[in-house]
Amino acid sequence: MSILSNFQVIADNFTYFMIGRWPAGPLGGVGLTLYLAVVSCILSFFGGLILGLLSVSRHRWISWPSMLFINTVRGVPLLMVIFWMYFLLPALFGKVPESQTVIMALTLFTSAYMSQIVRAGIEGIGTGQMEAAVSTGLKHWQAMYYIILPQGLRNMIPSFVNQFVSLIKDTSLAFIVGVSELTHVGTQINNRTMAFPTEIFFFIAVVYFILCFAFTSLSRWLEQRLAWRKAI
Amino acid sequence: APPADTLAAIKKSKVLVAGVKDSLPPFGYIDEKTRTIIGYDIDFINAIAAKLGAKVELKPVTSASRMPQLQEGNIDIIAATMTKNAERAKVIDFSHTYFFTGQKFITKKGTVKSLKDLEGKKIGTAKGSTSEQNVKKSIPTSTVLSFDDYPQAFLALQQGKVQAVTTDEAILAGILAKAPNKEQFEIPAVQISDEPYGLGMRKGDKNFVDFVNKTILEMEKSGEAKKIYDKWFGPNTQFHLQRNFKIVADK
Amino acid sequence: MLSYQFDWSIILSGKYFEWLLSGLKVTLQLSLAGIILSFLLGLIVAVMRMSHFSPIRWAAWAFLEFTRNTPLLVQIFFWYFGSYKFLPTAVNDWLNAQSFEFAAALIALTIYTSAFIAEDIRSGVLSIPKEQMEAARSAGFSYLRSMQYIILPQAVRITVPPLVNQFLNLAKNSSLAMTIGVMELTYQARQVESYTFKGFEAFTAATVVYLAISIIITFLVHQYNERVLKLHKAA
Amino acid sequence: MIQFTGVHKWFKQLHVLNDINLHVTPGEVMVVCGPSGSGKSTLIRTINQLEPIDQGSLVVDDMDLSDKKTDINKLRAEIGFVFQQFNLYPHLTVINNITLAPIKIRNTPKKEAEEQAMQLLIRVGLAEKRDAYPAQLSGGQQQRVAIARGLAMRPKIMLFDEPTSALDPEMIGEVLQVMQDLAKTGMTMVVVTHEMGFAREVAHRVVFMDAGTILEEAKPKDFFCNPQHERAKQFLNQLLTPMHGAGALCD
Amino acid sequence: MIQFTGVHKWFKQLHVLNDINLHVTPGEVMVVCGPSGSGKSTLIRTINQLEPIDQGSLVVDDMDLSDKKTDINKLRAEIGFVFQQFNLYPHLTVINNITLAPIKIRNTPKKEAEEQAMQLLIRVGLAEKRDAYPAQLSGGQQQRVAIARGLAMRPKIMLFDEPTSALDPEMIGEVLQVMQDLAKTGMTMVVVTHEMGFAREVAHRVVFMDAGTILEEAKPKDFFCNPQHERAKQFLNQLLTPMHGAGALCD
Ligand SMILES: Nc1ncnc2c1ncn2[C@@H]1O[C@H](COP(=O)(O)OP(=O)(O)OP(=O)(O)O)[C@@H](O)[C@H]1O
Ligand SMILES: Nc1ncnc2c1ncn2[C@@H]1O[C@H](COP(=O)(O)OP(=O)(O)OP(=O)(O)O)[C@@H](O)[C@H]1O
Ligand SMILES: [Mg+2]
Ligand SMILES: [Mg+2]
């Protein structure tokens, strides 16, 4: 019962949980979490597409280095990637705000995973389609563009949505470098109030769950619809 | 890369970016109603910015992240309970001391009388702080657990995961004052170091350092510095502290 | 980076080397314990998820969805800071006397990973063509016997590679334990950085170690795929 | 041996078996043919209850399948089933594929089971493959092992669902040969197949199905030389164009 | 039209094509047969360079395939290829499957390309399916669309790799009929197939391959009535057991 009354701390800070210091200060909380996830998702879609296409290239000197890059990124914890970006970006580009550092790190990391989705999607189409296309005289890139990618991308949509869910969860690591997304905001409030960690972290977990579960369900629905469309 | 002359750069951009703590009352924390960062450190930054005719942009930092942030040019100045010491002074420049305290412990009431009582115990503090380095030196037998910030360490103390939290007395007092069950804890009279706080600026950024020093000396003279102290620590607060230092030029 | 002075000697011997080494040890301890526990829990949840008794199936489903759709970091914080309220005092005291931060990280990693493992096991079972069950039933085996002799042995073989991948993820995810003060590899690398300002060297060392772990495990999976799976694959 | 009486079956709306009446006597070889989707597989799968029937009565080897008390696993052990896709257990060697059921269900000692298995392997001409895995065999070889596996329980009835249609043309012959040899031993067999040559040479009776109904039931000679139904004529024509079937079955 | 001279090809160790010498004249229909794995597919796929050759010379339509300067895409546009698994583009309608290459490669205006496509669809008897998706067609219909797609570029040569072996038996006839009609128009065709009836009725020449080598090359009549090689006899026997092939091809 006392637990219930303690959720007052959530109500008191609800706006801060949702939008942080905005509009007086920068956007934070759930708003920033979604912003980070959406921007990184869009960027890593293209990053993944490019990396994926490079990694299925017929030329070894293209596919090899890209596979090396992909597997290196995948072999390292996201936390490490964030620290690296945190180090390297300022050295390369000078002043870079943390939220952009985090976006870069998430993009790099997620692109590597997305590229595997793209790769699997392309390979899932089977060699028959490529052979049929080039047999009619289409060039390799034309076959890719008109035949393989349209089918592949459609099949990849559910995996992309799943990857977006991972991204939402991964934005929580931005906390480490002091970007005030939802988890960071939660620890701030926890630090200030110092008496309701159970309530605060449970609440945060529920917020993440609502966001992620919505997209997980979407992905499942898409997957079913896709299977259904294939079976027409 | 960061500007060579920060002072000139700020005068041009009219924005002063300061790295501050955001959950460490009363130095820097989020005000529940306005959702803005306020505190002792912030008031100093505001005064300096006013003098510059610049707007303030506050960036939350942690003990571990504040120096890299400064060096990379993400912030112009650190006002984040930062202790001046020789090692750090090799990497950045400090202003004159704008706050003075000493490192102590917060413990469950009656459990610690002297430093001896802490031997072999688990002690919580913050990552990358001088407190962490000091306590490792003065009680080598203890296990030091480092958190992202002091309130987290205090939470661990409340839950029995550590037996003491150590850092600067003023911070401990701030935490204790805000704690929901403060009557169970105390700050025993065990001090392991002096902690003079300085504002941090990039190494060799002479114009800016001089300007900041000049400003805070003026604040001392005009009584504004004392007013800020009293606002956050004085008799009308939960702390009832007397100011036992003055801002003076370092030798 | 222009003015940066590289100094590899700092991390290759002496105090800071020992820090990193002790960090690696904790990372390995956390990973190994996590692997064993999460496999056991994952197996239990997978069986529950396939149960014919719907309340059990639903409970397993709710558990899976909730753990998979919340960040590991939040779960770590929840167990570290939030669990004392509902754990019995005796348990709390006992855990505090040990190393609560290690225990909390282990619990969070185990629960988080077990959800993924359970799903891998389940899809391994579902991936066995239904004709295999039909063939077994046609020979006169009961449902349970068919599972025992025909379906599960194949499912386990198929599930090994994704399982190993989850273990790899677990090893990488163990880096998040640093946030609650577990002195594992990433924690120590960061520690070296804040003491020496030689972050580049420290992070390189940690990165190389993580990569080595990944490469070894990936290589083993590859060998397994080549040697075992190819031979046993349905035609 | 097998007695269908007024058997019906539906998949949702789809009436896949419509009033089936059929009697297979001991030692008889019956071939079932018909266009795709006509219900041939469903028919044969009801005999060992891989598909339960919805209406009517089905008695197999004196056991009534509509009776709940019938021990279905016992029944199935008396019936060998050979699938189009072979469905060998990919994780077991050839010999273990064959001995698994005798050892686990009949409790035959391992040694004895293996001796019997070797007899069967010799019969299907694959003695040297005893320790190979299915993935290492050609399709024709896999199907012959599947037949041996089906025979290992010494069944009274053997069912075949298009046993050659997943095979390369040159391998079809070897499987049909094994089936012909089996028929000569007096085994009761029901075979769904498009191999009309086999039907003519080996079957005692041919059943033609369309849309869930048995349209014709005749001696092979009568069926091929003198089909009664328009649908059957058309089916045979499609199968036996000079280009494709390469000749008449009726002579 | 197609001239193989001393062509060799290896997959790693495996010698899949061993000294192939073969000449296909314009308007000729050539059937290639042989056991599984003998290299038939590889042979036919070298003609449009889906498989490059390792040694020897291959000249197709006066273009030398071993010459690096030969524009391979141009060559392929002159050759239609029909696959065992149809390989229609599942995301495009029938009409778009057929018009894609003419529009994208030949820059044929869309309207004109569609008119030509409709002519082809009428020829293969599927005019009413112009807006269907491949998944909505039966296997036989899909293969006929695939043939129409192959013809859309007005090729000089058509290649078929086992075009009927993925089809249900009743559908094989309709595809063979379309191919026979095509042969009558004087198209140069190379067909890998096991349909010996088709070979006897339509082919001008039959090539028998084994283990990467061409063992026989003869008129259909000679090949079926009087095969020279032991291996060819055996192959024909396997294919034409009374049970399976259901009759002799030689009469
Ligand atoms: N499990 C099922 N659920 C729903 N419909 C089914 C199921 N199994 C078969 N059907 C449908 O029942 C009908 C008869 O199927 P069946 O497999 O018995 O035909 P078949 O004569 O064996 O055909 P084929 O020659 O293609 O194997 C088909 O229309 C099929 O789509
Ligand atoms: N891409 C490849 N890599 C390696 N080996 C291959 C490849 N393609 C074919 N082979 C091998 O080359 C040999 C000839 O293959 P090919 O497909 O030409 O035979 P085929 O006569 O068409 O057989 P089928 O009747 O089974 O289609 C086979 O042993 C096959 O396993
Ligand atoms: Mg069937
Ligand atoms: Mg082939």
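The values are calculated or read from the model by the stated rules, or taken from the named source; none is laboratory data. In this text, all values refer to a predicted model and were calculated from it rather than measured experimentally. Because the Cβ atoms are built from the backbone with ideal geometry, glycine has one as well, and the counts that use them run over all protein chains shown.
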Members of segment D:229-251 found to be in contact with a Leu (Cβ under 9 Å, 6 or more places away or on another chain) and modelled with pLDDT of 90 or more, listed by number: D:His229, D:Arg231, D:Ala232
Pairs where the first residue, in segment E:36-57, is touching a residue at least 60 places away in the same chain (Cβ under 8 Å) and under 16 Å from E:Met209 (Cβ atoms) and the second is more than 8 Å from ligand 2 (Cβ to nearest atom) and of a type in the set (Phe, Trp, Tyr), C-beta under 9 Å, 6+ apart: E:Ser38/E:Phe208; E:Leu43/E:Phe4; E:Ile44/E:Phe81; E:Ile44/E:Phe160; E:Arg45/E:Phe81; E:Ile47/E:Phe4; E:Ile47/E:Phe81
Residue among D:Ile147, D:Ile172, D:Ile98 that alone is within 12 Å of chain E (Cβ to nearest Cβ) and β-branched (Val, Ile, Thr): D:Ile172
Members of segment E:35-62 that are within 14 Å of another protein chain (Cβ to nearest Cβ) and either closer than 24 Å to D:Glu170 by Cα or among the charged types (D, E, K, R) (or both): E:Pro35, E:Ser36, E:Gly37, E:Ser38, E:Lys40, E:Ser41, E:Thr42, E:Ile44, E:Arg45, E:Glu51, E:Asp61
Enumerated helices (runs of 4 or more DSSP H) restricted to segment C:47-102, each holding at least 1 residues that are at the interface with chain A (Cβ under 9 Å from one of its Cβ atoms) and in contact with a helix residue (DSSP H, G or I) (Cβ under 7 Å, 6 or more places away or on another chain): C:54-68, C:72-77
Answer residue from segment D:38-62, given it is on the phi > 0 side of the Ramachandran plot and assigned to a loop (DSSP other than H, G, I, E, B) and is nearest to ligand 4 (Cβ to nearest atom) among those: D:Gly39
Selected residue (only one of C:Leu170, C:Leu144 is of a type in the set (A, V, I, L, M), more than 10 Å from chain D (Cβ to nearest Cβ) and within 24 Å of D:Ile103 (Cα to Cα)): C:Leu144
Of all residues making up segment D:164-188, the number that are among the hydrophobic types (A, V, I, L, M, F, W, C) and out of contact with any helix residue (DSSP H, G or I) (no Cβ under 9 Å at 6 or more places or on another chain): 0
Checking D:Ile147 against (1) modelled with pLDDT of 95 or more; (2) surrounded by fewer than 19 Cβ atoms within 10 Å (Cβ to Cβ); (3) among the hydrophobic types (A, V, I, L, M, F, W, C), the condition it does not meet: (2)
Segment C:203-228, residues that are out of contact with any Leu (no Cβ under 7 Å at 6 or more places or on another chain) and within 15 Å of A:Val81 (Cβ to Cβ): C:Phe203, C:Thr204, C:Thr207, C:Val208, C:Tyr210, C:Leu211
Members of segment D:31-43 found to be closer than 17 Å to D:Leu58 by Cα and more than 6 Å from ligand 1 (Cβ to nearest atom), listed by number: D:Leu43
Among the candidates A:Ala91, A:Ala120, residue that is more than 21 Å from the chain's Cα centre (by Cα), away from chain E (no Cβ under 14 Å), surrounded by fewer than 21 Cβ atoms within 10 Å (Cβ to Cβ) and part of a helix (DSSP H, G or I): A:Ala91
Count of segment C:183-216 residues which are more than 9 Å from every other protein chain (Cβ to nearest Cβ) and in contact with a Phe, Trp or Tyr (Cβ under 7 Å, 6 or more places away or on another chain): 4
Sole residue being more than 26 Å from D:His194 (Cα to Cα), within 14 Å of chain D (Cβ to nearest Cβ) and surrounded by fewer than 21 Cβ atoms within 10 Å (Cβ to Cβ), chosen from E:Lys111, E:Lys184: E:Lys184
In segment A:167-199, residue farthest from the other protein chains (Cβ to nearest Cβ) [restricted to those that are small (Gly, Ala, Ser) and part of a helix (DSSP H, G or I)]: A:Ala174
Any hit, segment E:63-79, residues being within 20 Å of E:Lys104 (Cβ to Cβ), within 14 Å of chain A (Cβ to nearest Cβ) and either in a loop (DSSP other than H, G, I, E, B) or within 16 Å of ligand 3 (Cβ to nearest atom) (or both): yes
Residue ID - nearest to ligand 4 (Cβ to nearest atom), chosen from residues in segment E:80-92 that are more than 7 Å from chain A (Cβ to nearest Cβ) and surrounded by fewer than 21 Cβ atoms within 10 Å (Cβ to Cβ): E:Gln84
Residues satisfying the stated conditions in segment B:112-152, i.e. within 16 Å of C:Arg190 (Cα to Cα), within 14 Å of chain A (Cβ to nearest Cβ) and in contact (Cβ under 8 Å) with a residue 60 or more places away in the chain: B:Ala126, B:Lys127, B:Gly128, B:Asp148, B:Asp149
Residue pairs meeting the criteria (Cβ under 7 Å; at least 6 apart or on separate chains; first in contact (Cβ under 8 Å) with a residue 60 or more places away in the chain, in segment B:80-94; second polar (S, T, N, Q)): B:Thr83/B:Thr130; B:Lys84/B:Thr97
Strands (runs of 3 or more DSSP E) within segment E:187-251 that include 3 or more residues away from ligand 3 (no atom under 16 Å from the Cβ), at the interface with chain D (Cβ under 8 Å from one of its Cβ atoms) and surrounded by 22 or more Cβ atoms within 10 Å (Cβ to Cβ): none
Members of segment A:132-143 found to be in a helix (DSSP H, G or I) and either crowded, with 18+ Cβ neighbours inside 10 Å or in contact with a strand residue (DSSP E or B) (Cβ under 8 Å, 6 or more places away or on another chain) (or both), listed by number: A:Ala132, A:Ala133, A:Val134, A:Ser135, A:Gln142, A:Ala143
D:Phe11 vs. criteria crowded, with 17+ Cβ neighbours inside 10 Å and either acidic (Asp, Glu) or within 16 Å of ligand 1 (Cβ to nearest atom) (or both): no
Hits in segment E:150-169 (condition: surrounded by 19 or more Cβ atoms within 10 Å (Cβ to Cβ), away from ligand 2 (no atom under 16 Å from the Cβ) and either in contact (Cβ under 8 Å) with a residue 12 or more places away in the chain or assigned to a loop (DSSP other than H, G, I, E, B) (or both)): E:Gly150, E:Leu151, E:Ala152, E:Met153, E:Pro155, E:Ile157, E:Met158
Any hit, segment A:55-67, residues being within 14 Å of chain C (Cβ to nearest Cβ) and either surrounded by 14 or more Cβ atoms within 10 Å (Cβ to Cβ) or at pLDDT 90 or above (or both): yes
Test for D:Ser57: is it within 16 Å of ligand 1 (Cβ to nearest atom), small (Gly, Ala, Ser) and surrounded by fewer than 17 Cβ atoms within 10 Å (Cβ to Cβ): no
Single residue of segment B:149-173 satisfying the filter (more than 25 Å from B:Lys231 (Cβ to Cβ) and assigned to a strand (DSSP E or B)) that is farthest from the chain's Cα centre (by Cα): B:Ala164
